[in-house]
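Each remark here refers to the structure printed beneath this line.
The values are calculated or read from the model by the stated rules, or taken from the named source; none is laboratory data. Being a predicted model, the structure only gives us computed values, none of them experimental. Positions of Cβ are backbone-derived with ideal geometry, glycine not excepted, and every protein chain shown enters the neighbour counts.
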Amino acid sequence: MEIHYKSRPWNFKKLLYKAMVMLVCGAVFAFTVVAVFYMLRRPLRKAMGIDDDNRIVFQVAGTEAGEESGETATVREASTVENAEASSDYYEAGVKANRFLVGVNEVSTEGYGGKRSYSDYGYGIIIGKTKKTVVVLSTPNAVRGMNATQVTFFNGQTVRGNVSATDTETGISIIRVELKRLDKDTLRGLEVAKLGKSYALKRGNYAAAIGNPLGDVRSIVVGQFTSVGGKTRLTDREYSLLETNILGKRHTAGFLVDKSSTVIGVITHREDEDGENYTIKALGISDLSVLTDALCNGKERPFIGLQISTISTETARAYEIPKGVYVEYVYLRSPAVEAGIQKGDILVSIGKREIRSAKYFAETLDQLKPGTTVKVQFMRYTKGKYKRMSADVVIAKR
């Protein structure tokens, strides 16, 4: 007996329904993945020092304290470490820092065909990346007015870099190197430096000087801070001056790092030092953060035109003077001199904010836009006593 099977007809409506459900589920899943990626994209890129808008985002790390951070720590004589076998943790930190340390050599081109002149060797650290460039912060006076540099990376590759901004007072510059100039080995190995909290340092803390502290290319010397309370005063702000017992050369260039390879200071030159050798000093990296951000991202820098210092509570009590910010010098052709502020005045407020220190003064000034008018209150010694006065100051641009 022959059996015939009757084929079941296709239910096209049901198949279409299932297809639509699968399509909708796939679309929802894809949308969710894209949304999550978009939300995480910027934090991830910022963590790597990259920003889509070409704005440089700095990596900031904590500064270790530990058993070395006390004010009463014993300061030992600095030791020169010549190889990794004899190294301390700080020497190893200096070695690791080579990934973000670069050599900087000036190049000046004149006329067609390019006459070139080269300067003494300087250094820089990689502080960020954009889609197209690596961004380098140089040591003071590494480029000295030049418009181009030769930048040498950790593996010896040397390429041209362009100087995008320079601060004439501190001498630090921002250099940009196009990523397309770098080979795969350099791109794979370079790192972005983490910037530490130099204000947390204590006398007796250790540091490694990297750059050329011995006069040799990429040498490393380990030592301790002998003072962290010094100040160097420039226009409208104070910078912390970190002093070490590390003996360097007169024209030493480089940076100070802690045992996590975090940058905590920029080695600076002192023209008043006598002799070929001197103990290394550095500007605290925390105090340079606002300046570095402005140079990197093209921000306007407000200007009043004062050289100032903080009057501590102890000084105010000892000399029976008001607490605030002492005006040591007023620059000619500045908003301050036009407003009538004089040497010897003690600033007590800007706008509605009380000014307790030079740091408060700088922070308040940085929040003001050039062209705005702000009321500055100050104490002036006249007729045997201090009298509160005020002046309207028009903020200028550097």
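Restricting to the range 163-187, name every residue that is over 18 Å from the mean Cα position of the chain (by Cα) and not in a helix (DSSP H, G or I). Glu178, Leu182, Asp183 - these are the residues of the range 163-187 that are over 18 Å from the mean Cα position of the chain (by Cα) and not in a helix (DSSP H, G or I). Listed conditions (1) β-branched (Val, Ile, Thr); (2) farther than 18 Å from Lys387 by Cβ; (3) surrounded by 19 or more Cβ atoms within 10 Å (Cβ to Cβ) are all met by Ile346, apart from (2).
Do you know which residues across the range 126-145 are in contact (Cβ under 8 Å) with a residue 40 or more places away in the chain, surrounded by fewer than 23 Cβ atoms within 10 Å (Cβ to Cβ) and in a loop (DSSP other than H, G, I, E, B)? Thr130, Lys131, Lys132, Pro140, Asn141 - these are the residues of the range 126-145 that are in contact (Cβ under 8 Å) with a residue 40 or more places away in the chain, surrounded by fewer than 23 Cβ atoms within 10 Å (Cβ to Cβ) and in a loop (DSSP other than H, G, I, E, B).
Looking across the range 146-171, the residues that are over 20 Å from Arg398 (Cβ atoms) and of a type in the set (A, V, I, L, M) come down to Met146, Ala148, Val151, Val159. When Asp274 is tested against (1) at negative phi; (2) modelled with pLDDT of 90 or more, exactly one condition is not met: (2). Filter the range 344-363 for residues that are closer than 19 Å to Asp392 by Cβ and assigned to a loop (DSSP other than H, G, I, E, B); which is farthest from the chain's Cα centre (by Cα)? Within the range 344-363, the match that is farthest from the chain's Cα centre (by Cα) is Asp345. Look at the range 225-242 and say how many of its residues are under 22 Å from Tyr123 (Cβ atoms) and touching a strand residue (DSSP E or B) at 6+ places or on another chain (Cβ under 6 Å). The qualifying residues number 6. Taking (1) surrounded by 15 or more Cβ atoms within 10 Å (Cβ to Cβ); (2) assigned to a strand (DSSP E or B); (3) in contact (Cβ under 8 Å) with a residue 40 or more places away in the chain in turn, Arg160 satisfies each apart from (1).
Taken together, the residues in the range 219-260 that are more than 21 Å from Gly196 (Cα to Cα) and either outside any loop (DSSP other than H, G, I, E, B) or touching a residue at least 60 places away in the same chain (Cβ under 8 Å) (or both) amount to 9. Of all the numbered requirements in (1) over 19 Å from Thr313 (Cα atoms); (2) in contact (Cβ under 8 Å) with a residue 24 or more places away in the chain, Val348 misses one, and that requirement is (1). Which of the residues belonging to the range 294-343 are within 29 Å of the chain's Cα centre (by Cα) and farther than 17 Å from Thr235 by Cβ? Residues satisfying the conditions are Cys296, Asn297, Gly298, Ile311, Ser312, Gly324. Being surrounded by fewer than 22 Cβ atoms within 10 Å (Cβ to Cβ) and out of contact with any helix residue (DSSP H, G or I) (no Cβ under 9 Å at 6 or more places or on another chain) holds for only one residue in Lys202, Lys184, and it is Lys184. For the residues Leu288, Leu256, the requirement of being under 23 Å from Ser334 (Cβ atoms), modelled with pLDDT of 90 or more, crowded, with 16+ Cβ neighbours inside 10 Å and not assigned by TED's automatic domain parsing to the domain that holds Val376 singles out Leu288.
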